[in-house]
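Each reported figure results from applying straightforward, stated rules to the coordinates on display, with no laboratory input. The structure presented is a predicted model; accordingly, all values stated were derived computationally and were not measured. Don't worry about glycine lacking a Cβ; one is built from the backbone with ideal geometry, like all the others, and counts go over all protein chains shown.
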Amino acid sequence: MGAFCLKMKYMLGIKGRMTQIFDEKGSAFAATIVTAGPLTVTQVKGKEKDGYEAVQVGFGERKEKNIAKAQLGHAKSPFRYFREYRLPAQAGGSPEGVEVGKTMDVSVFAEGDIVEVSATSKGKGFQGAVKRHGFHGGPRSHGQKNKERAPGSIGGGGRAGGRVAKGMRMAGRMGGDRVTVKNLRILQVDPPTNTLLISGAVPGRPGTLVEIRGK
């Protein structure tokens, strides 16, 4: 049904590998390749019916047999991901002119735009306090030879009433959190291949879904 452009710069993509890019002065910049969009509007929410104004978009593809009937009936297409966002108040707060079925691609961004990228960080499993929290560990001296990575005392005695205080930094599951990196720069936009080059590293492993928001 054609393309549209919201007053807010927003895009979904899949993180790829890292590379480097050179500017006209010959300076090298580390960059992450993101295959982004196109996004298709699957629902437009309004105050009268839903109580708030927002735009829901679909991204990616998957086999129809792996999609719930209700979801397929709602979107009319086998999208892999759905996301919903509201327009900021300074942008008018209204999705007027946006219709179900319209699309949006990476051309909403331009080279030099400052963006923030959100994604799920790499899961690292159960890790000790040295890796998880950056503890320095103990010295290999004074009678200890294999306790460099031990966390040390966690309470007891007269500390915190003889109990382990809430929030104590200890070993545990690490990673798998939603992480947002701000003030990244768009280095290159390539609409024919739906590709963005974003400065620096973005959260997650290759293949992770990322959300890109412009300022």
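Below is a table of values for the structure above.
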item	result
Cα gyration tensor, the range 1-80 - rounded (a/c under 1.5), prolate or oblate	oblate
Separation in nanometres of the label points that stand 7 Å from Cα toward Cβ, at H136 and R169	1.2 nm
Candidate lysines for bridging to K49, where Cα separation is under 24 Å - those fewer than 8 sequence places away on the same chain excluded	K7, K69, K76, K102
Reach of K15 by Cα under 22 Å, taken over lysines that are not fewer than 8 positions away in the same chain	K63, K122, K124, K182, K215
Long-range amide H partners of A150 with built H, under 5 Å	G138
Kirkwood hydrodynamic radius of the chain, Cα pairs, Å	20.7 Å
